[in-house]
1. Could you list, in sequence order, the residues of the stretch B:278-288 that are loosely packed, with under 15 Cβ neighbours inside 10 Å and among the charged types (D, E, K, R)?
2. Condition (residue is within 14 Å of chain A (Cβ to nearest Cβ), part of a strand (DSSP E or B) and closer than 28 Å to residue B:294 by Cα) applied to the stretch B:333-342: is it met by at least one residue?
3. Take the stretch A:3-16 and flag every residue that is touching a Leu at 6+ places or on another chain (Cβ under 6 Å) and over 10 Å from residue B:10 (Cα atoms).
4. Only one residue in B:229, B:204 is free of Cβ contacts under 8 Å to residues at least 12 places away in the same chain and either more than 20 Å from residue B:26 (Cβ to Cβ) or touching a helix residue (DSSP H, G or I) at 6+ places or on another chain (Cβ under 7 Å) (or both). Which one?
5. I want to confirm something. Restricting to the stretch B:251-282 and keeping residues that are within 14 Å of chain A (Cβ to nearest Cβ) and among the polar types (S, T, N, Q), which single residue is nearest to residue B:227 (Cα to Cα)?
6. Looking at the stretch B:168-199 only, could you name the residues that are modelled with pLDDT under 95, of a type outside the set (A, V, I, L, M) and within 18 Å of residue B:144 (Cβ to Cβ)?
7. Out of the residues in the stretch B:394-413 meeting the condition of being part of a loop (DSSP other than H, G, I, E, B) and facing chain A (nearest Cβ under 9 Å), tell me which one is farthest from the chain's Cα centre (by Cα).
8. Is it the case, given these coordinates, that residue A:145 is within 16 Å of the chain's Cα centre (by Cα), acidic (Asp, Glu) and more than 8 Å from chain B (Cβ to nearest Cβ)?
Amino acid sequence: MKSYHLDHLDYLETEAIHIMREVASEFERPAILFSGGKDSICLLRLAEKAFRPSDIPLPFLNVATGHEFPELLEFRDRRAKELGAKLIVRTVDEALEKGFAVQAPGQISRNQLQIPVLLAAIEEFRFDCCIGGARRDEEKARAKERFFSFRDSFGQWDPKNQRPEIWNLYNGRLNPGENMRVFPLSNWTEMDVWEYIKREKLEVPSIYFSHKRRCVRRGGQWVPDTELMPAKANEEVKEMIVRVRTIGDIISTGCVESPAANCDDIIAEIAVARVTERGSRADDRVSEAAMEDRKKAGYF
Amino acid sequence: MTATPHPVDLLRFNTCGSVDDGKSTLIGRLLYDSKSLMEDQIEALERSADITGGGQINLANLTDGLRAEREQGITIDVAYRYFATPHRKFIIADTPGHVQYTRNMVTGASTANLSIILIDARQGVIEQSRRHAIIASLLRIPHLVVAINKMDLVDWSEERFLEIKDQFDEFLPRLDIKDVKFIPVSALNGDNIVTASEHTPWYPGPTLLGHLETVHIASDWNLNNFRFPVQWVNRPNNPTDKNLHDFRGLSGQVAGGIVRVGQKIMVLPSGFSSTIKQIWTLDGAVEEAFSPQSVTLVLEHDLDISRGDVIVDAEDLPGSSSDLHAKICWMNPRPLTPGKQYLLKHTTQTVKAAVTAIENRINISTFDKEEGIAELSMNDLGEVRIKTAKPLIFDGYASNRLTGSFILIEPGTNATVAAGMLLPPTEVARPEYKDFAI
């Protein structure tokens, strides 16, 4: 007998497609945030599933810090082209030059600086909605996030005053200047993402797989040794076989020793992993409420 | 996190309980014992234990994510948690049990297959337990688990367990819940959560996790009445495949039943008839699709169809009316006053609406209907009459959660102010154009 029951990936997929189509229907100028990372790669496949055979009716937006892995940028540009989508890139460098982003003294990470750049891009293109690849399982503050996350005219998130989300009825109504962030992958876990990438045979940037890299020991983890932040004399440097689990700035993304060369290897690795994905991101280790604070200020 | 060697399904459940019932401890225990916790999460727990907890790890800190909550020791909103076993994936909607948070419970329960009600064995069934059960029943959660917690504090007494079960059974006949399971547990010590307790030889049933892994959920969706609210008209200007130049698809999520190629359908409210020509997906055309799959339908005829229209089985029509009778949960600090205009979002359309009358308020401790009510306040549940600017095409919530539910939005603030569940229609949809035939 045929089973009329969805497995978990099918369920997560139909939930996300439904959200994508709600966004395309209810907003005037929505965009998809596409970094080239694994979560946004899934978003693009879901957009194909939602809108083909038509063009994907949303441009892609990337807020680049200027500290990306080169492999990521190459992949980002190529993938957008393959899908026939319009890719808009706004950079922290440009924002620093024009003066609407200012580096805190001594601060090298550009993570915080993405906030003004994103908000400026939203204003420039009058985007009323940005679809992002954030997941609730990533971080405690994200666990309270809605699918449709309302932001006031300063781009701020107010966790105590969120719109209730009931059944599959999303309230996307906005007043001028307000903005919505929408997260179709809210209910996905890191494992779901890799199982989906495997099932859909999606290409991901090569740095997710095992490769040889010079790393420097910093803040309890191995990060790439780059010219942006050269190893100091007292820091341990080693050439290792690593992969990245989550991609942030090249200076703060932890590399994990891993022989994983394909999706199956990664799935097996995550299954026995004893640290969370974000455990390898220095930006989240600042304090227990680091993500909560950044989100309130307008972060993705 | 657990790899799933074969396809598994997904169970969504919510937990209800007050701060002291040990709800967060129960979730922490499920995550901890199913090895879904990671070292850095445990480390973070230990760090905060050193600072605020006098060195004692508090499993509740796992779920109370926001700083505001940790500081005040409360859960202010619905939080979602994820874990998996080799048998199933799970999504937990963790909702606080305070009186003033009915709206959060409704939110968490609206997508749940199953609801866990925690009862403190020392206290037995209290007003709050009844309230949780009533909300679960109103929202038509198919499965209920009554976890009788802190059994260690009543010496694992079978007598006490049965006493509480009897208290609960007493008002069960008034509820619309078919499947109820009682489990004696100690969340703090892990008894009957993941591993069977040695203290309950008198309890022959499964552990909590064992039950969550095996409860039958395949029939929780409506597979009987085909309903397809059109979400997005798919008409490519520049199709990926040149043969698709004349493609005109109707994209949406199957909100009820099964649709098959060749099936006779009707489009409502217009009443146009046609036949399903193709069910299009990115992975190729399929012969049939079922709720809640997302697909793109192609019809035999080129009809004028737009977002908000509903495609249904020609032989099985839903109801239609602009005078609605519904149960609602009021979710806004400003009370509901009859006569005020709202926007009503139902499936894929939003229409103007006014609440014309409040018929009663449901006392969620006794389930009695209180009449002569002037307004509904935040967290009140009640029956209302609503007039919409155009007729809705709908089913009763009891037969279909997707085509029987709506939200009310306040114009101006755009706040979501109510969740509504429609009572069964009194009139079947009548096509607008009776003479129209193709």
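1. Across the stretch B:278-288, the qualifying residues are B:283, B:287.
2. No, the stretch B:333-342 has no match at all.
3. As a first pass, look at the stretch A:3-16 and keep what is touching a Leu at 6+ places or on another chain (Cβ under 6 Å): A:4, A:8, A:11, A:16.
Residues satisfying the conditions are A:4, A:16.
4. Working: B:229 fails: free of Cβ contacts under 8 Å to residues at least 12 places away in the same chain.
The conditions single out B:204.
5. So the first thing to find is which residues in the stretch B:251-282 are within 14 Å of chain A (Cβ to nearest Cβ), and the list is B:251-260, B:278-282.
Still in the list and also among the polar types (S, T, N, Q): B:251, B:253, B:278, B:281.
Working: B:251: 13, B:253: 9, B:278: 16, B:281: 18 Å.
It comes out as B:253.
6. B:168, B:169, B:170, B:171, B:173, B:174, B:176, B:178, B:179
7. Going residue by residue through the stretch B:394-413, those that are part of a loop (DSSP other than H, G, I, E, B) are B:395-404, B:410-413.
Retained after the next criterion (residues that are facing chain A (nearest Cβ under 9 Å)): B:401-402, B:411-413.
On the way: B:401: 8, B:402: 10, B:411: 25, B:412: 27, B:413: 25 Å.
Restricting to residues being part of a loop (DSSP other than H, G, I, E, B) and facing chain A (nearest Cβ under 9 Å), the top hit is B:412.
8. Numbers: within 16 Å of the chain's Cα centre (by Cα): yes; acidic (Asp, Glu): yes; more than 8 Å from chain B (Cβ to nearest Cβ): yes.
Yes.
The values are calculated or read from the model by the stated rules, or taken from the named source; none is laboratory data. Predicted model, so just to flag it, every value in this text is computed and none were measured. So basically every Cβ, Gly included, is an ideal-geometry build from the backbone, and we count neighbours across all protein chains shown.
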